[in-house]
Each structure stands twice: as structure tokens, then as C-alpha cells.
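Trainee: The structure under discussion is supplied below as C-alpha cells; questions concerning it will follow.
The values are calculated or read from the model by the stated rules, or taken from the named source; none is laboratory data. Here the structure is a predicted model, which is why all the values come from computation and not from measurement. Cβ placement follows ideal geometry from the backbone for every residue including glycine, while neighbour counts extend to all protein chains displayed.
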Amino acid sequence: MIRDDTGPATVDPFWPGLAPTAYSAPPKRRRVAVFGLSFLLLAAASLIYDYSRPAEYRTAARLRIDMPGNGDTADERRTAVRAAFLTEVEVLTSRPLVEKAAARLAGIGTPLPAGSGDGGDSIEDYRRMLDATPVEGTDVVELTASGRPADALAPLVNALIDTYRGQLAERYRQDSGSRATRAQDEATKLEERVAEKRRALDDYRRNHDIVALERDENHVLSQVKGVGQSLNAANDRLVAAEAKLRSLRDSIAAGKSIVRARDNPTLSNIEQRASQLREEQHELERAYTPDFLAFDPRAKALRTRIASLDEQMKQVRERGQQAALSDAEEEVAAARAAVDRLAQQAGGERRTVQAFTARLGEFKAMQEELTGLEEMHRAAVVRATGLQAAERIRVPEVTTLEAAFPPAEPWRPQYGRDAAIGVTASLLLALLTTWIVELFNRTTPAPSLVIAPAWPRSVQLPMRSPEALGQFAPSALLASAAQLPRELDEAEIAHLLDELPDDARLGALALLSGLSFDELARLKWPAVDLPGRQILLPDRVVPLSAALAAQLGRYREHHPQTDDSPVVDAASDGTPDALDATLLYAAHDAGIPGADEITCAALRHSYIAYLVRQGVRFADLFGIVGRLPADMLGAYTALSPAGRKHPLEEIEQVHPALRQVRSA
């Protein structure tokens with residue numbers, strides 16, 4: 001009995017009357033029923049929910065609120081105007097204004113929008129329907145109302161605008177009138193205070209004989225001022241002289257020179273001569289060595305002259321310092337004497353000056369207070385006049401740019417869009433439901449069998465040719481014989497292996513040892529047992545030939561790999577395209593005819609054909625090359641020699657071409 005899991009039917013060639021039994025495909029009616037029912041239920045639920053939602057309408061109006069001072073360029077003023085504008089925007093939706101608008105509509109019998117009902121606060125409901133949004137960068141406000149019914153929204157918005165316009169005009173008219181009255185009263189009070197303060201100032205000037213407010217026009221103060229100025233100048237000179245003397249003493253104590261060469265011609269001449277001599281000394285030092293200069297008369301003379309000039313400069317500086325110090329001390333003494341004399345002169349008139357200065361200061365304070373009152377009075381008069389003149393100008397101007405109109409279509413929800421979304425979601429959920437149902441109702445297909453009847457040993461079948469057997473021929477016992485790839489001989493395989501690179505040669509040797517391409521693509525290094533000369537596959541153990549073992553050892557030595565690395569990189573992508581291309585190039589380079597027919601399947605077929613031609617038992621063949629499809633078995637049956645088949649121990653498992661590689 002041969003089991004074949006790939007065929008769809010069971011065929012018995014010995015009993016033609018028994019028809020093939022075909023397995024039925026999974027029922028499609030169940031899928032259609034599940035999908036259709038799920039889609040209809042979900043789509044119906046989504047559409048019912050979509051169109052059962054009540055429609056909401058929206059209307060909008062635009063109005064311009066022109067605040068006073070809107071064209072002012074000053075930043076502070078512009079910020080204040082913007083703040084006042086935003087305040088008016090908030091007033092538009094305030095509760096008092098909405099109450100007045102609702103009362104106005106109710107008074108003329110206009111229907112109002114639907115509120116909360118059941119004793120709720122309808123004014124708050126109207127406020128939630130309304131929204132005032134300023135248009136960025138302008139003084140335009142968009143006033144919107146959303147709710148139902150549609151014909152009640154526009155009257156509410158328009159009534160709110162009219163109520164706001166009337167309330168704004170009344171509010172500014174009252175505010176402007178009260179402010180003008182307060183400004184006029186303040187100006188009158190300030191005028192009375194100014195007159196009273198002016199009379200008190202005149203009486204004080206006559207009583208204390210004050211000529212004028214300026215200090216210089218009074219003889220006593222003018223004289224005292226001159227003495228004071230002279231005393232201040234003398235004090236400044238004394239401070240400067242003392243600072244100069246202290247600076248000279250500090251410089252002398254610190255060893256600094258206080259005599260400058262430009263102020264002393266003698267010192268300047270000596271410094272110039274010393275500089276010239278030092279230049280000559282530097283020239284000698286650049287031209288001769290220190291040992292030579294130590295004995296050179298000219299160098300000795302230069303050093304002596306330089307030392308003499310340095311001593312002269314020191315003496316000149318000391319004399320200059322003493323002279324400067326004496327002059328500074330004399331200047332300090334003279335300045336101190338002047339300060340003492342002027343201080344004694346100023347002390348004699350101090351009491352008279354103090355009394356007059358006190359009276360003059362008090363007079364000046366009274367004069368300044370009078371000036372402040374007069375300025376306040378003028379400002380109050382100007383403010384009162386301005387308020388009276390700008391009473392109408394200060395009222396913000398409200399202009400309706402676009403009145404509200406009853407909406408013709410619902411604002412939300414968007415029934416068409418939401419219906420499309422619901423139907424699409426229903427379709428996807430129906431597909432998902434169908435997939436889940438099929439997942440839990442999936443059945444495993446039964447394998448197909450090809451049954452060869454067991455004949456009694458005593459029955460003798462007549463000898464017939466394969467043509468006479470017809471459908472009873474070995475190839476007809478299987479479903480259908482597949483067309484086999486090209487079979488390569490020893491010489492072609494040897495030439496091909498010589499032209500292949502290391503990676504591709506490793507794959508070719510594995511195919512010539514019984515591995516399929518899929519097993520080669522999944523082969524990792526932990527499955528290769530080089531010491532045991534075998535490859536451990538999930539369903540069998542493949543022995544390694546000497547050529548393949550040597551090639552694996554050399555390849556791993558020169559290409560270190562990890563445990564997760566594939567053994568053959570050319571097959572790691574899971575498709576034989578790369579390895580087939582390499583085999584084609586190598587076959588072409590080796591001069592093998594029909595190079596385009598040499599593929600991974602051709603190499604594996606060459607090895608299987610080599611085993612089959614030796615008469616190996618098919619039961620043992622699976623232990624070497626793995627499971628083969630039924631159509632391949634039918635094709636290989638024709639290659640097997642007649643007579644008794646041999647066990648695996650009597651079969652040469654290494655291809656002759658691999659033995660040549662080993663010997664090489």
C-alpha cells in the first residue's frame with residue numbers, strides 16, 4: 001500500500017467498475033449565508049442608528065463692533081481697546097441679554113428654540129446653543145446658534161443683536177452723562193480752592209517782605225550765595241591739593257617715579273643717552289660671546305657709562321620728587337587758610353540767612369501748591385468739556401454685516417457620510433465574522449490512497465509486455481508520472497563542481513547527498529554533526545560523504561558562523577533562483593551541453609536516479625532522500641531494474657562523482 005497525501009481521489013486500477021471517490025470541497029453556502037446574514041444585520045443596525053438621530057440646524061450672523069479709539073496706534077491704547085472689544089463679545093451671550101431677547105420674542109409671539117423642558121432652565125439651554133466668536137485680526141464677531149427647530153434659530157440670533165444694540169446705547173449714554181456731571185463738579189471745587197490759595201499767598205508775601213520767588217533777587221540771599229560759592233570752591237581746591245599731596249607721598253613710598261622725562265629736560269637728555277648706550281651694548285652682545293665681552297675694554301666702558309647715567313637719573317628723580325612734594329604741601333596750606341577765612345565769614349550771617357531762607361521756602365511751597373491746584377483745575381475743565389463734546393462719539397458703533405437666516409439643511413449629523421462609514425464597517429465586520437466561523441469549522445481533508453491488491457502467491461499472472469498491460473503498468477498504478485529533470489553523468493558533475501564557488505559547491509554536494517532544496521534552505525549549523533559525519537534532519541539522518549564533510553569543515557573554518565546562520569547562504573532566501581543561476585554559470589563555464597537544464601532539481605534527481613538504478617528498495621529510499629510525491633515515484637519506477645530489489649546495506653550511497661572529489 002502506498003499513501004499519497006497530495007492526490008484528491010482514490011483510484012483502483014484493478015477494479016474498473018469502482019469509480020474514484022472524490023472528496024467534497026468545503027461548503028461555500030455556509031460562508032455566503034454567514035457573510036450575508038452578518039452584513040445585513042450590521043448594516044441595518046448602523047443605518048437605523050444613523051437615521052434615528054435627530055437633526056440639528058445651525059445659523060450664523062456677522063456684526064461689527066467699532067470701539068472708540070479703534071484706530072489708535074499706541075500699543076497701550078490698542079491693547080485697552082482690544083480688551084474692551086473682547087468684553088463686549090462676552091456680553092453678547094450673557095444671561096441678562098439672552099433673557100431680554102427671549103422675552104422680546106415671546107412678547108411678539110415668535111416661536112423659540114426647543115429647550116430642556118420638564119421645568120429646566122431654558123435660558124441656559126439658549127446660552128448653550130449660542131456662540132460668539134471674534135474673527136481674528138478684525139473687529140467682526142460671528143454669532144451662531146445651533147439647535148432645533150430650524151425656523152426658530154434665526155429670530156433668536158437677530159433679536160439678540162437688536163437687544164444688544166439697544167442695551168449698549170443706553171448703557172453708554174448713562175455712563176457718559178454721569179461722568180460729565182462728576183467732571184463738572186470737580187472743576188468747580190478746584191476753582192474755589194485755587195482762589196482761596198492765591199489770597200493766602202499774597203498775604204504771606206506782604207507780611208514777610210518777599211520781593212520775588214527767585215533767591216538771587218533778594219540782597220541777603222545773593223550775598224550769602226556768593227560767600228557759599230566761594231567757600232565751596234575753596235573746599236574743592238583744598239580737597240584737590242590734599243589728594244595730590246597724598247598721591248605724591250604714596251608714589252614715593254611705593255618707589256614710583258613722580259617726575260616725568262617730558263617735564264624735566266635734564267632727565268630726558270640722560271634717559272636718551274642711556275638708551276643709546278644700551279643699544280650699543282645689545283649690538284655687542286649679539287656680535288660677541290659673553291666671555292669675550294667680559295675682557296673687551298669697549299664693553300667695559302659701555303657698562304661703566306650706563307651705570308653712571310643710571311645713577312644720574314636716580315639723583316635727578318629724587319630732586320624732582322622733593323621739589324614736587326614741597327610744592328604740594330605749600331598748595332595744601334594755602335587752600336586750607338582760604339577755607340578757614342571763608343568759613344568764618346559765612347558763619348557770621350548764618351542765623352539771618354536761615355530765618356529768611358525758611359520764610360522763602362515756605363513761600364515757595366505755597367506757590368508750588370497753588371501751581372498744582374491750577375493745573376488740576378485746568379485738567380478738570382478740559383475733561384469736563386471733552387466728556388460733554390464726545391458723549392455720542394464714545395458710544396461703540398454696532399453694524400450688522402450679515403443677518404441670520406433660517407437654515408435649509410441640517411448641520412449635523414451628516415447622514416450620508418455616516419451611512420457610508422456604517423456600511424463599510426458592516427462589510428469589514430461581516431468578513432471578519434465569516435473568517436472566524438470558518439476558522440472554528442475547518443475540516444482536515446482525508447488523504448488519498450492508491451491501493452495495490454495483494455494477490456495470492458499461488459496465482460500466476462500471464463507474462464505480458466508493458467504495452468499489453470495498459471493501465472496495469474507500474475507507471476499507471478500511480479496517479480500520473482511526472483516529467484523528471486535532466487540527469488547528469490559523473491563527468492558532467494565533476495566538471496560542474498570544479499567551476500562552482502565554495503558556497504554553491506557546498507549546496508551542490510548537499511543536493512548530491514540526498515537533501516532537498518527546502519531542507520537545504522532551512523539547514524542551520526547545529527544540525528551538522530561533523531565529528532559524527534552526519535546531518536540531523538527532522539525525519540531522518542543523512543550520512544556525510546567524505547567530500548561533503550571536507551567541504552563543510554573548510555567552509556566553516558574560513559567563514560565563522562553563528563548557530564542561527566544558514567549553512568548555505570545562497571539558499572537562505574527560500575527560493576532556488578540564486579543557486580540555479582550559479583549552477584547555470586558554472587555549467588556554461590565548464591562547457592556542459594544544455595547548461596540551462598542544470599538546476600538544483602537536476603542535481604537531486606541525478607543522485608536519486610543513481611540510487612534507483614542500483615535497485616534500491618523504495619522503502620529504504622525514503623530514509624535517504626526523504627518523502628517523494630506520488631507522481632515522482634511513478635516516474636522513478638521506470639528507472640528501477642527488474643527483479644528483486646536490494647536493501648540499503650547492498651547499495652552504494654556515495655555518488656561516483658563525489659568519490660572523485662574526495663580523491664582529488
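Trainee: Just the residues that are under 25 Å from ARG540 (Cβ atoms), in contact with a helix residue (DSSP H, G or I) (Cβ under 6 Å, 6 or more places away or on another chain) and either at pLDDT 90 or above or not charged (D, E, K, R) (or both), please, taken from region 498-517.
Mentor: Listed by number, the residues that qualify are ALA504, LEU506, GLY507, ALA508, LEU509, ALA510, LEU511, LEU512, SER513, GLY514, PHE517.
Trainee: Tell me, yes or no, whether region 282-305 has at least one residue that is of a type outside the set (A, V, I, L, M), more than 30 Å from ASP340 (Cβ to Cβ), at pLDDT below 70 and loosely packed, with under 12 Cβ neighbours inside 10 Å. Outline the logic, then answer.
Mentor: Looking only at region 282-305, we keep the residues that are of a type outside the set (A, V, I, L, M), and these are 282-283, 285-286, 288-292, 295-298, 300, 303-305.
Checking which are more than 30 Å from ASP340 (Cβ to Cβ) leaves us with 282-283, 285-286, 288-292, 295-298, 300, 303-305.
If we keep only those that are at pLDDT below 70 too, we end up with none.
No, region 282-305 contains no residue that is of a type outside the set (A, V, I, L, M), more than 30 Å from ASP340 (Cβ to Cβ), at pLDDT below 70 and loosely packed, with under 12 Cβ neighbours inside 10 Å.
Trainee: Take ALA602 and tell me if it is under 23 Å from LEU488 (Cβ atoms) and touching a Lys or Arg at 6+ places or on another chain (Cβ under 6 Å).
Mentor: Values: under 23 Å from LEU488 (Cβ atoms): yes; touching a Lys or Arg at 6+ places or on another chain (Cβ under 6 Å): yes.
In short, yes.
Trainee: If a residue has to be among the small types (Gly, Ala, Ser), surrounded by fewer than 18 Cβ atoms within 10 Å (Cβ to Cβ) and part of a helix (DSSP H, G or I) to count, how many in region 583-605 make the cut?
Mentor: The initial filter retains those residues of region 583-605 that are among the small types (Gly, Ala, Ser), namely 586-587, 590-591, 594-595, 601-602.
Okay, now just the ones that are also surrounded by fewer than 18 Cβ atoms within 10 Å (Cβ to Cβ), so 591, 594-595, 601.
Next, only the ones that are part of a helix (DSSP H, G or I) stay: 595, 601.
Selection size over region 583-605: 2.
Trainee: Which count do you get for residues in region 125-140 that are out of contact with any Asp or Glu (no Cβ under 8 Å at 6 or more places or on another chain) and closer than 14 Å to GLU402 by Cβ?
Mentor: 2
Trainee: Hey, another quick one. Identify all residues within region 308-328 that are loosely packed, with under 12 Cβ neighbours inside 10 Å and more than 26 Å from ALA253 (Cβ to Cβ); write none if there are none.
Mentor: Passing the criteria: none in range.
Trainee: Would you kindly identify the helices (runs of 4 or more DSSP H) lying entirely within region 479-582 that contain at least 1 residues that are touching a Gly at 6+ places or on another chain (Cβ under 6 Å) and surrounded by 20 or more Cβ atoms within 10 Å (Cβ to Cβ)?
Mentor: Working: elements: 490-499, 502-511, 517-522, 546-558.
Fully inside region 479-582 and qualifying: 517-522.
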